[in-house]
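Next up is a structure, given as structure tokens.
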Amino acid sequence: QDEQEWDFVLVSDIHQMGSEKEIKRKKFLDELSKKGFTIKKIEDKKLFYGVRAPKWIFRKYQWLLRSPGSRMQSPSDEHDVPVTTRIRIVNFILQNTVTPDLEKLCDLMKKKVFETAFPLHEREEKNVFVKEKWARWRDICCEQPIENIRGYFGEKVALYFAWLGWYTYLLGIASVFGMLIFVIGITVLSSSQVSKEICKANTTIMCPLCDQKCPFWLLSDTCTYAKITHMIDNEGTVLFAMFMAIWATVFLELWKRQRATVVTKWDLYEWDDDEEELAMELINNPLHEPQRYQHSYFRSTIVILLVLVMIAVLIGIAHALVIYRVVAMALFTQSSLEFIREHANTVAVVTGAVLHYLTIVIMTKVSPRALLPSPEQPRTFSQRENNFTVKIFTFQFFTNFSSLIYIAFFLGRINGHPGNYVRVAGKWRLEECHPSGCITDLFIQMATITILKQTLSNFVEYLVPWVTYIHKQQKLPKKKNLILGEEEEAEDPCKQWWLSNYQLNQVHTFSLFDEFLEMVIQYSFTTIFVAAFPLAPVLAFINNLVEIRLDAIKMVHLRRRMVPRKANDIGIWLQVLEAIGILAVIGNGLVIAITSDFIPIQVYKYTYSPCVAGNSSALDCSAGYINHSLSTFRIRDFEPHMRLPEQLPDFARQGITEYRDYRNADDYSYTVQFWHVFAARLAFLILFEHVALCIKFIAAWYVPDVPQSVKNIILDEKHSKLQKGLRWVIPERV
């Protein structure tokens, strides 16, 4: 290999000779020297130490993890070691080398003895193919070079991009269907009997929307809102929700097949993470004793309690957003601006969604380690990563979905009724649903958050590394002027390359975790409440085409090289995705049964409509639904502290107004219709979820996880191994 190639670079400040930090640094470097490492020092504004491991370390690794059919006959046999393997082994030894003071590299970094440690990017001529075929915007629709990604960043990164590419590919199918449902919704925008009745209801007087002199209003004032509601809330919504439940299952099953094919090609199908880590432990320290499997119920209980505390905090934040919407609604209805006054509900929903997005951004930036300290003691890196993934995903899931859950399942259902409103802190009354349903509020909330996350967040994600990189480049020291008679000192050929790598943005152990988390949260938005937002797959598809190239550009051009990690799957993320698939069935079933007006309309059609009497020859069966779904209220029954407008309009002088609910006019108790609708909602929910889950399980059974070709390859390998073993058996002579 080229003498100028180094496995890792350690960076340190220039410490005073004889200082504690300088002594600790020397002890660590001495330990590396004892293990046969070659160390090269370059001094600039910082101290740079290039380290290169001896060849025998890699021969040991190959010998310990050789396959039965390997050509290696002894540990001294030499075979080429992939660069990714070299970096991974060297990183493990660096992280686990212990000084006489019982300090590891991570301890020394905390004490500022070393600033950072990173592997070097390969020189320009060695990664031109990766850059020109992958990490540029004009290849946005081209196939990814997964093999080259694996050869440069390792299997774990390659599997991430393989999964992301597969997810994006299948999103194209869901996008077409989602766009079709949305276009159909637009074409029938004005044809709904329900929206027609709302638009013609210019004599239906509705209760004020707040307590502080909010005006009475006509139902026909919300004609446009009703049309938009029908665009989202129609029969196609049910079909699309069922389709997405099946799509999520098929996607995961096909990914399992794709993953099996890819890792078999890499000869990693039966690779064992534990064996790999044990081998590196023994290479680093031949006297190493493996850490035993342990389980502490006490520690697990502490983790559960910490997670519950964080969920309680997030519910509190969601509660604050609810209060904001309630207060904003009251303020906007009294605004001096006519537009805001007339569209107070919509403005409150949109600003609430923007506020929720800002909450997501802030909570995402809060250090997860500070929020969720880890009392566990995982045995391996994979276990630590899995524990971290479950906790942080749970935290981020509730951060992203708490407000959506409130709008979908609680908005307008726990607010009481006129004369007996439910109030927050005894002061602010909760919001009501629009007479045409609450699904439009959920649509607006999801659309706002999704668009902001996929535009503004991606822009910041791309811009910040560039700004940081340019800022670091500007801080590079100028070439010093020579004093008269002084000869220019020849610059070390490694110096500029090491400096340029140091100036790149830092990566950390869980850098790839952040990318996975972003995509899995997006997958949650795409599946869980997709019944209320059929454009979610379309936006996700467009976003992912950009995201693939964005991540590639960041990894190749803007960040230091990640430590390659070996893997044969995407880890616990697969179980997370399967859990989201189950939640998607439950969530969409609840949206249709509770949030949507689909069930109440069907109950009306088949129980109370004119069609039931048989005189429906030329009449829409949903005719009269709006009047049927409204209840009357006597103005004199408002609470004493309710501040009504000083001058009631002429249409309200009769003292009767209406509101959306199924209640009796005399004592405001629930009517028989309410219980009919409630029973129908419950029956539909049970039926939908059982049918959807059955279809999911059938699809999972129908599509095998592992292709037959992969099974046959593994079968042939086992047969060949046994045949080779049989040759060593000498038959007995008769």
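Roll a 1.4 angstrom probe over the protein heavy atoms and tell me the percent of accessible area of the chain that is carbon or sulfur.
On the way: 22140 of 36690 Å².
For the chain, the apolar C and S fraction of the accessible surface comes to 60 percent.
Also, quick follow-up: For residue 81, which sequence-distant residues (separation of 5 or more, or a different chain) have an amide H within less than 5 Å of its own amide H, given hydrogens modelled in the peptide plane?
Amide H neighbours of residue 81: none.
Which of rounded, prolate, oblate describes the chain, given a ≥ b ≥ c as roots of the alpha-carbon gyration tensor eigenvalues and a/c under 1.5 marking rounded, otherwise prolate only if a/b is larger than b/c?
Working: a/c = 2.65, a/b = 1.89, b/c = 1.40.
Prolate.
Counting C-alpha atoms alone, how compact is region 325-369: give Rg to one decimal and Dmax as a whole number, in angstrom.
Looking at region 325-369, its Cα Rg and Dmax stand at 14.1, 48 Å.
Now a separate question. Only bridges with both residues in the chain count here: give the DSSP antiparallel percent, nearest 5. Can you show the working numbers first?
On the way: 27 of 30 bridges.
DSSP beta bridges in the chain are roughly 90 percent antiparallel.
Which angle from 0 to 90°, rounded to the nearest 10, does the C-alpha axis of helix 83-96 make with the longest principal axis of the chain?
The two axes meet at around 90 degrees.
Under the Karplus relation 6.51 cos²θ - 1.76 cosθ + 1.60, θ = phi - 60°, what is the ordered set of whole-Hz ³J(HN,Hα) values for region 424-437, x standing for Gly and Pro?
7, 6, x, 10, 9, 7, 5, 6, 10, 7, 5, x, 9, x
Moving on to the next point. What is region 8-120's relative contact order, in percent, from Cα pairs under 8 angstrom and six or more apart in sequence?
For region 8-120, the relative contact order is 41 percent.
Once phi is turned into θ = phi - 60°, what whole-Hz ³J(HN,Hα) does the Karplus curve with 6.51, -1.76 and 1.60 give for every residue of region 516-524, x standing for Gly and Pro?
Taking θ as phi minus 60°, the curve returns 4, 4, 4, 6, 6, 5, 4, 4, 5 Hz for region 516-524.
Let me ask something additional. Hey, which aspartates and glutamates would be in cross-link range of residue 133, C-alpha to C-alpha under 19 Å, not counting anything within fewer than 8 residues on its own chain?
Straight-distance partners of residue 133: 122, 124, 125, 143, 147, 155, 547, 551.
I need the shape label for region 422-465. Rule: rounded when a/c is under 1.5, else prolate if a/b > b/c, else oblate, with a, b, c from the alpha carbon gyration tensor. Don't skip to the answer; put the middle values down first.
Values: a/c = 8.25, a/b = 2.10, b/c = 3.94.
Oblate, since a/c reaches 1.5 and b/c is not below a/b.
Mind checking the alpha-carbon convex hull of region 8-120 and giving the volume per residue in Å³? Each step should come with its number before you reach the end.
Values: hull volume 12.3 nm³, N = 113.
Measuring per residue, one finds 109 Å³ for the Cα hull of region 8-120.
When the Debye formula is applied to the Cα atoms of region 479-609, each taken as the same point scatterer, what base-10 log of I(q)/I(0) results at q = 0.13, 0.21, 0.23 Å⁻¹?
With one equal scatterer per Cα and no solvent, log10 I(q)/I(0) is -0.79, -1.25, -1.34.
Further question on the same structure: With every protein chain kept in place and ligands, DNA and RNA left out, what is the accessible area per residue of the chain? Probe 1.4 Å, answer in Å². List each step's numbers first, then the result.
Numbers: 36690 Å² over 734 residues.
Value returned for the chain: 50 Å² of accessible area per residue.
Sticking with this structure for a sec: With everything on Cα atoms, drop me the angle between helix 155-187 and the longest principal axis of the chain, reported from 0 to 90° to the nearest 10.
20 degrees
Also, quick follow-up: Taking 28 Å as the cut-off for C-alpha to C-alpha distance, list the pairs among 213/605; 554/711; 21/41; 265/365; 41/111 that go past it.
Details: 213/605 38 Å; 554/711 37 Å; 21/41 17 Å; 265/365 39 Å; 41/111 21 Å.
Going by Cα-Cα distance, 213/605; 554/711; 265/365 fall outside the 28 Å limit.
Also, quick follow-up: List, in order, the whole-Hz ³J(HN,Hα) value for each residue of region 606-613 obtained from phi through the Karplus relation with A = 6.51, B = -1.76, C = 1.60 and θ = phi - 60°; use x for Gly and Pro.
9, 10, 10, 6, x, 5, 5, 7
Continuing with this model, one more query. Just check region 600-702 against the gyration tensor rule for me: Cα atoms, a ≥ b ≥ c as the square roots of the eigenvalues, rounded for a/c under 1.5, and otherwise prolate or oblate depending on whether a/b exceeds b/c.
Details: a/c = 3.20, a/b = 1.90, b/c = 1.68.
Because a/c hits 1.5 or more and a/b exceeds b/c, region 600-702 counts as prolate.
Relative contact order for the chain: what is it in percent, counting Cα pairs under 8 Å that are at least 6 residues apart?
Numbers: 856 pairs, mean separation 155.5, N = 734.
Answer for the chain is 21 percent.
Okay, moving on. Going by amide H atoms built from the backbone, whose H comes under 5 Å of the H on residue 505, apart from near neighbours?
Here 559, 560 satisfy the definition.
While we're looking at this one, here's another question. Rank 166, 498 by accessible area, highest first, at a 1.4 Å probe radius?
Working: 166 55, 498 5 Å².
Largest to smallest exposure gives the sequence 166, 498.
Sticking with this structure for a sec: Ignoring everything except DSSP H segments at least 4 long, calculate the 222 nm mean residue ellipticity for the chain; use -39,500 (n - 2.57) per segment, divide by total residues, nearest 500.
-18500 deg cm²/dmol
Tell me the angle of helix 273-284 to the major Cα principal axis of the chain, expressed in degrees between 0 and 90 and rounded to the nearest ten.
The angle comes out at about 30 degrees.
How large is the charge dipole for region 600-702, taken about the Cα centre, if only the Cβ atoms of Lys, Arg (+1) and Asp, Glu (-1) carry charge, to the nearest 20 debye?
Working: 9 positive and 10 negative charges, 52 e Å.
Using Cβ point charges on Lys, Arg, Asp and Glu, region 600-702 gives about 260 debye.
I've got another one for you. Sorting 45, 256 by accessible area (1.4 Å probe), largest first, what list results?
Working: 45 145, 256 30 Å².
Result, largest first: 45, 256.
The values are calculated or read from the model by the stated rules, or taken from the named source; none is laboratory data. As the structure is a prediction and not an experimental result, all values here were calculated from the model. Glycine also receives a Cβ, built like all others from the backbone with ideal geometry; neighbour counts cover every protein chain displayed. For accessibility, only protein heavy atoms count, side chains too; no ligands or nucleic acids. Shrake-Rupley method; radii C 1.70, N 1.55, O 1.52, S 1.80 Å.
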